[in-house]
Structures are given as structure tokens and as C-alpha cells.
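Data first, discussion second: the structure below is written as C-alpha cells.
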């Protein structure tokens with residue numbers, strides 16, 4: 001069998017082309033959507049944000065104007081990054097589901 005995207009020869013029982021990563025024409029076969037990579041990115045972003053918070057809290061003395069400014073800036077940046085991640089996640093999910101529905 002040949003890949004419909006890159007044209008290279010692949011095994012007849014292949015679900016995904018090893019050359020380009022495109023799904024084959026096989027019906028009713030599970031296709032990995034990279035859920036583990038998305039989950040890892042979410043966890044990494046969350047923990048990096050928390051590490052930044054801890055470092056900032058250790059640097060600035062309690063009850064100072066610098067610490068209050070840091071906290072308000074950190075909270076603002078954290079909320080904005082979460083909102084952007086949700087929006088891009090929704091867009092990615094919609095585009096991926098429509099792409100999979102097109103091929104299957």
C-alpha cells in the first residue's frame with residue numbers, strides 16, 4: 001500500500017504512515033491524537049507558572065510595594081495565559097475533529 005499524502009510505500013496493516021505521520025485509509029482504527037503531549041504541555045505550563053510564583057515570593061520581602069506589584073502582575077499574566085490556552089485548545093480541538101471527520 002502507498003501513503004495517500006507522501007506517496008511512499010508502507011505496510012498494508014499500517015494505521016499511520018511512518019514517513020509523514022498521516023493517517024491511512026483504514027476504517028474503525030484508533031488514531032492517536034497526541035493527547036499525552038497536550039496533557040504534558042498543560043502540566044508543564046502550570047508548574048512553570050507556579051515555580052515563577054514561588055521564586056517571586058522568595059525574592060520580594062513581605063508587605064512591600066514590590067511584592068504587591070509582582071503578585072498583581074503574576075496573577076494577570078497567569079489568568080491571561082490560561083485563557084489563551086483554553087481558546088487555542090478549543091480551536092485545535094474543533095479543527096482536529098473536523099479533520100478526522102473528513103477522513104473517516
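Every read-out reported here was derived from the displayed coordinates using simple, explicitly stated rules and does not represent laboratory data. In this text, all values refer to a predicted model and were calculated from it rather than measured experimentally. Note: ideal-geometry Cβ built from the backbone for every residue, glycine included; neighbour counts use all protein chains shown.
In table form, for the structure just shown:
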{"item": "FRET efficiency, residue 47 to residue 2 (Cβ-Cβ, R0 35 Å, nearest 0.05)", "result": "0.20"}
{"item": "Extension gain from residue 78 to residue 97, taking 0.36 nm per residue of separation minus the Cα-Cα distance", "result": "4.0 nm"}
{"item": "Separation in nanometres of the label points that stand 7 Å from Cα toward Cβ, at residue 63 and residue 16", "result": "5.6"}
